[in-house]
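Quick notes on the structure that follows.
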Amino acid sequence: MAIKVYVVDDSAVVRQTLMHLLQGDPEVELIGSAPNPLIAGPVIRRCRPDVLLLDIEMPGMDGLTFLRQLMVETPIPTVICSTLTERGSKVALEALAAGAVAVVAKPRLGLRQFLEDSRRELLQTLKLAARSRPQVRAEAQPRQTGVGTVPMPRPGMAGVQGLAMNKPVVLGSSTGGTLAIETVLMALPADCPGIAIVQHMPEKFTAMYAQRLDGHCAMNVREARDGDRLERGVVLIAPGGRHLQLRKAGGQYFAVVIDGPSVNRHKPSVDVLFRSVADCAGSDVLAILLTGMGDDGARGMKRLHDQGARTIAQDEASCVVFGMPKEAIALGAVDEVMAIGQVARAILGFDARA
């Protein structure tokens, strides 16, 4: 049965081009389109598409507001297709946090040609999104920070003992991972072990994503730079378009940010991070795989597991897409499978045994 797709975009060119592109694939059916959410809303609630392809900036109601309403009322797998200016990138991150499955960037100029050139990738994204399971969101509005909140304490310089006992935590995720990572980090205290994260995300997004997390979490979160020290209270996010590795020197762990070919079709790749940790930390590490499509990270986790490292995978019930964790489990690479709400406690338990 063909995947039913509905498009909401105020550009007639986008709607017409997407109609032409989708018609050529027997596995995908465009069941309708609308120039804004006010028109689309009643139709979507009635016909219930498998995937929603949604723009952000539209008249009448913006796509982010519409997405939040849908995720509270009746979650639909949603792919954001938007012009990712700086402002657009920030809003698209909010959309991912609100439950969108993926983001597809579109340029302001040469739009028709871009969409035709990106047809294969777009179709794959829509097909994978149709297999996802977005969760009902209890809140329609984003979390408020700053005003009316009590600032959480941040760590100062770690002491010699803290540095000596620092054991790294490495974490990988993809589809659905932006929200899953936020859930984990918000439950951790400021003096938690250092965490290195690979989240599959476009280049424009990772610095803004790290900044967003930094505003929500007690730990210091930032986009990784080459030579950054992974110490207690610090979270390093792999930059989009670059691989993140860890190296060990003088008993401490440092970020290595490198270019290179994609691995498992991804850059950054979880396997690249996990393999580097296997080389420098051996069993002295906790590795975690969260929600995501594909198998990136599974083989790297298997290598860590075989060296005696502690390994955890998110369970199917709490995953948006049970792909990466499932593949790691199938390889025998996972010590324990748990819901996303239990992961922070597992990290703290690992630290207590250090």
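The values are calculated or read from the model by the stated rules, or taken from the named source; none is laboratory data. Note that the structure is a prediction, hence the values are computed from the model and not measured. Positions of Cβ are generated from backbone atoms using ideal geometry, with glycine treated the same way; all protein chains shown enter the neighbour counts.
Checking 328, 346 one by one, the residue that is crowded, with 21+ Cβ neighbours inside 10 Å and in contact with an Asp or Glu (Cβ under 9 Å, 6 or more places away or on another chain) is 328 and no other.
Residue under question is residue 99, and the condition is that it be at positive phi, out of contact with any Asp or Glu (no Cβ under 7 Å at 6 or more places or on another chain), modelled with pLDDT under 70 and of a type in the set (Gly, Ala, Ser); does it hold? Against the criterion (at positive phi, out of contact with any Asp or Glu (no Cβ under 7 Å at 6 or more places or on another chain), modelled with pLDDT under 70 and of a type in the set (Gly, Ala, Ser)), residue 99 does not qualify.
Taking helices (runs of 4 or more DSSP H) that fall entirely within the range 1-90, which contain at least 2 residues that are surrounded by 17 or more Cβ atoms within 10 Å (Cβ to Cβ) and either among the aromatic types (Phe, Trp, Tyr) or modelled with pLDDT of 90 or more (or both)?
Fully inside the range 1-90 and qualifying: 37-47, 63-73.
Residues that are without any contact (Cβ under 8 Å) to a residue 40 or more places away in the chain and basic (Lys, Arg) number at least 3 in the following helices (runs of 4 or more DSSP H) confined to the range 261-354: 298-306.
So that you can scan it fast, the table gives a plain yes or no per residue for (1) touching a Gly at 6+ places or on another chain (Cβ under 6 Å); (2) of a type in the set (A, V, I, L, M, F, W, C):
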residue	(1), (2)
245	no, no
252	no, no
258	no, yes
289	yes, yes
334	no, yes
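Checking each residue in the range 109-125 for being touching a helix residue (DSSP H, G or I) at 6+ places or on another chain (Cβ under 8 Å) and among the hydrophobic types (A, V, I, L, M, F, W, C) picks out 111, 115, 122, 123. Of the residues making up the range 171-224, those that are hydroxyl-bearing (Ser, Thr, Tyr), in a helix (DSSP H, G or I) and in contact with a strand residue (DSSP E or B) (Cβ under 9 Å, 6 or more places away or on another chain) are 178, 206, 209.
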